[in-house]
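This report concerns only the one structure given below.
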Amino acid sequence: MAFPRMVRIRQDFERVRVDDVAATTVQQLQAQNLGETVQSGQTVAITVGSRGIANIATITKAVVDHVLSLGAIPFIVPAMGSHGGATAEGQKRVLEGFGVTEEFLGCEIRSSMATVIVAETEHGIPVHFDKYASMADHVIIMGRVKPHTGFVGAVESGLHKMMLIGLGKHDGALIYHRAIKDYDFETIVRAVGRVVIEKCRVLTGIAIVENAYDETALIEAVAPTNFFEREQVLLKQAVEWLPQLPFSEVDLLIIDQIGKNISGTGMDTNIIGRKYNDHVATEKDSTNCKRIFVRGLTEKTNGNATGIGIAEFTLQRCVDQINMESTRINCITSSHPTGAMIPCVYNSDKAAIEDALKTIGLTEPENAKVIHIRDTLHLGEMEISEACLQQTSRRPFTVIGDPEEMDFDDSEMMQSIETSSIDVSTV
């Protein structure tokens, strides 16, 4: 088979970023005058989730230090639904993989899958809340605000989701995802969020927004009474800063790695399309990828391959990385069982790409529109086929090399897109 020739390009996104993450976090907390509410000796639970949020250890440390400065006793609560294999030990390991450790923070991590039911919504839905957080005098909700990978609403992923899915743990996440089959996402979010704010002594929120380079672009402390209003505004900002593929029509998207630290669905459906249907772009999607080939999992996903079922092709080495138990638990909890299904499996990149290009329609393989990315968090640099250059791009980009043949080694494997070539923020 004749493969398309590939060329490396660089996209330039708006790069607003916080220069001093720790100082900004403290400034935001100081503006909330928490010392008027928090008394010396009281306990403060601080939530940390399972997403790969930039600078999460630094931000968390700054929150912990501020709570200590008030004379209070901070502790960390993993707020990640069913992630980490739905075990207390697994969720603590997820945090430690992000550098959020007791040694670094100087406070305890209290991890449990147990919840208490604090009340019911007006719809009769029980509101689950982490056991340890329920025992604290105050709770600080931290979360990254961004578009959700499966739902659309005035608020999507952010502080409200942390109150529902994160602090609801496995039991709460399961019931809320079931409820979304009967009620719209916003109805559940608002109803459960109101109960948590009224009943669970929420002190403040720390909303984080990132830029297209996976950097901290905004940190804002938000009063609980303003959660819904501010999340709406911050979500719009997050959408503006969201990275994109340069073209809306793609015959084959090659992704080096997926994982829960990248996106809730392993690969962000706001970027690849397929937000509303696992294998077909709808009129609501901004991107149409005919075929997707996933080459592996991130180390930090710890075998959780949620979202692998969105792709049509993968490698045997990727399947070998999968922790089937944690993947199954996560996908069943989120009512997305197809997200755990295994695509066609190959022993080499070349074989997978050959078969993928046989299924894109009448387009000859050498004329296929192919994009090769590292993951959906890092879209600063990528490789695209020559045919893509004939399309109108959605944003400016710079070609940084000459077209070259797809390069396979003796094992018929290709090189991954290296982190160091994508984005200087990681240096």
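Expressed as a rounded percentage, what relative contact order does the chain have, with Cα pairs under 8 Å and six or more residues apart? Once normalised by length, the contact order is 20 percent. Taking the longest Cα principal axis of the chain as reference, the axis of helix 185-199 is set at about 30 degrees.
Considering only beta bridges that DSSP places wholly inside the range 30-138, some 35 percent are antiparallel.
Counting only Cβ charges, +1 for Lys and Arg and -1 for Asp and Glu, the dipole size of the range 320-425 around its Cα centre is about 800 debye.
Peptides 226-233, 179-186 ordered by packing proxy, namely the average of other Cβ atoms within 10 Å per residue, highest first: 226-233, 179-186. If the chain linking GLU198 and GLU89 were pulled fully straight, counting 0.36 nm for each residue of separation and taking away their Cα-Cα distance, it would gain 36.3 nm. Seen against the Cα atoms of the chain and their longest principal axis, helix 88-97 is set at about 70 degrees.
Seen from LYS169, the other residues with C-beta closer than 10 Å to its C-beta sum to a net charge of -1, counting Lys and Arg as +1 and Asp and Glu as -1.
Taking 0.36 nm per residue of separation and subtracting the Cα-Cα distance, full extension of the segment from ALA114 to SER286 would add 58.0 nm. Ordering 299-305, 98-104 by mean Cβ neighbour count within 10 Å, with the highest value first, yields 299-305, 98-104. Measuring against 24 Å, Cα to Cα, the residue pairs LYS161/LYS275; LYS169/LYS290; LYS146/LYS275; LYS61/LYS236 contain LYS169/LYS290; LYS61/LYS236 as the ones spanning a longer distance. From the alpha carbon centroid of the range 44-81 to that of the range 365-422 is 38 Å. Over all directions, the projected convex hull of the C-alpha atoms in the range 118-211 averages 5.9 nm² in area. Seen against the Cα atoms of the chain and their longest principal axis, helix 169-179 is set at about 70 degrees. The peptide list 401-407, 371-377, 164-170, put in order of mean Cβ contacts within 10 Å with the highest first, becomes 164-170, 371-377, 401-407. Given the choices (i) 81, 48, 41; (ii) 70, 42, 37; (iii) 56, 50, 42, Cα extents along the principal axes in Å derived from the coordinates of this structure is entry (ii). Estimate the FRET efficiency between ILE400 and ASP182 by the formula 1/(1 + (r/R0)^6), using the beta-carbon distance for r and 51 Å for R0, to the nearest 0.05. Efficiency, rounded to the nearest 0.05: 0.50. In plain terms, the chain from TYR276 to GLU386 could stretch by 36.6 nm, reckoned as 0.36 nm per residue minus the Cα-Cα distance. As a ratio to 2.2 N^0.38 Å, the alpha-carbon radius of gyration for the range 46-146 is 1.09.
Rule-based calculations on the coordinates, nothing more; no lab input. Since this is a predicted model, take the numbers as computed values, not measurements. Positions of Cβ are generated from backbone atoms using ideal geometry, with glycine treated the same way; all protein chains shown enter the neighbour counts.
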